[in-house]
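The values are calculated or read from the model by the stated rules, or taken from the named source; none is laboratory data. Note that the coordinates shown come from a computational prediction; the quantities given were computed from them, not determined experimentally. Cβ coordinates were reconstructed from backbone atoms using ideal geometry, including for glycine residues, and neighbour counts include every protein chain displayed. All accessible areas refer to the heavy atoms of the entire protein, side chains included, with ligands and DNA or RNA removed. Shrake-Rupley method; radii C 1.70, N 1.55, O 1.52, S 1.80 Å.
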Amino acid sequence: MHWLSKVPKEIVDSKSPAWNKESIQCLGLVKEVAEAYSSQFKKDMESFLNARAQELVPGGLMVIVISVRLNEVPMVETTEGKVYNVLGSCLTEMAKMGLISGEKVDSFNLPLYYPTSKELQAIIEGNGYFTIERMDILTDIPAKTRQKFSAQSPTSQIRSGFEGVIKQHFGSDS
């Protein structure tokens, strides 16, 4: 649910105050960038909720499992944000080495947005078709299920999630 239907057009427009040249994601540090991503997420979530409202029987329940940021925590301070920054740094270094175009890096943004729990609640309640019966935020993985960290795991996850997006933007030769 954190995948957007598209990257907001203002993000890749070099003349826009929301141009996201220095990042490949919504870090939450530039107001215009955050607003553009948030607006696109709201449109996409409203579309999702409207479609589900047509499918559910009256009185039916829907469970939504989605990654959210703790309220007021910018994306740059989250684990995901830090991982995506590493990906962005790798792309920047590849451009410096001449392996890919710097302009392509400047225009690349991940079509992802992690709302705050308050944002998500406001969208659901504002939709008019649904009420929130219960909202739980899971913040920790039990110690017995944690795995020892290895660079291979996040690298494989990034590749499986973003290889297609990266190939589409940079070409398959990159």
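For the list (1) in contact with a helix residue (DSSP H, G or I) (Cβ under 6 Å, 6 or more places away or on another chain); (2) open to solvent by less than 50 Å² (accessible area, probe 1.4 Å); (3) in contact (Cβ under 8 Å) with a residue 24 or more places away in the chain; (4) not polar (S, T, N, Q), I need the number of the one condition that LYS104 fails.
(2)
Are any residues in segment 36-54 in contact with a Pro (Cβ under 9 Å, 6 or more places away or on another chain) and among the charged types (D, E, K, R), and if so, which ones?
Hit for segment 36-54 is LYS42, nothing else.
Kindly check whether there is at least one residue in segment 30-51 that is out of contact with any Ser or Thr (no Cβ under 9 Å at 6 or more places or on another chain), over 24 Å from GLU125 (Cα atoms) and of a type in the set (Asp, Glu).
There is no residue in segment 30-51 that is out of contact with any Ser or Thr (no Cβ under 9 Å at 6 or more places or on another chain), over 24 Å from GLU125 (Cα atoms) and of a type in the set (Asp, Glu).
Looking for something in contact (Cβ under 8 Å) with a residue 60 or more places away in the chain, open to solvent by 40 Å² or more (accessible area, probe 1.4 Å) and in contact with a Pro (Cβ under 7 Å, 6 or more places away or on another chain) - is there at least one such residue anywhere in segment 79-87?
yes
For the structure I just gave you, tell me whether LYS15 is open to solvent by 80 Å² or more (accessible area, probe 1.4 Å), among the basic types (Lys, Arg) and within 27 Å of GLN157 (Cα to Cα).
no
Could you tell me how many of the residues in segment 52-67 are in a helix (DSSP H, G or I) and exposed (fewer than 10 other Cβ atoms within 10 Å of the Cβ)?
Adding up the residues that qualify gives 2.
Quick one: GLU55 ticks every box in (1) in contact (Cβ under 8 Å) with a residue 12 or more places away in the chain; (2) farther than 24 Å from ILE166 by Cβ bar one, so which box is it?
With (1) in contact (Cβ under 8 Å) with a residue 12 or more places away in the chain; (2) farther than 24 Å from ILE166 by Cβ applied to GLU55, the lone miss is (1).
Do any residues in segment 7-22 that are within 8 Å of ALA36 (Cβ to Cβ) have Cβ atoms under 8 Å from those of residues that are part of a helix (DSSP H, G or I) and polar (S, T, N, Q), where the two are at least six apart or on different chains, and which pairs are they?
As it stands, the answer is PRO8/SER39; PRO8/GLN40, since those pairs meet every condition given.
Determine whether GLU46 is over 30 Å from GLN152 (Cα atoms) and in contact (Cβ under 8 Å) with a residue 60 or more places away in the chain.
yes
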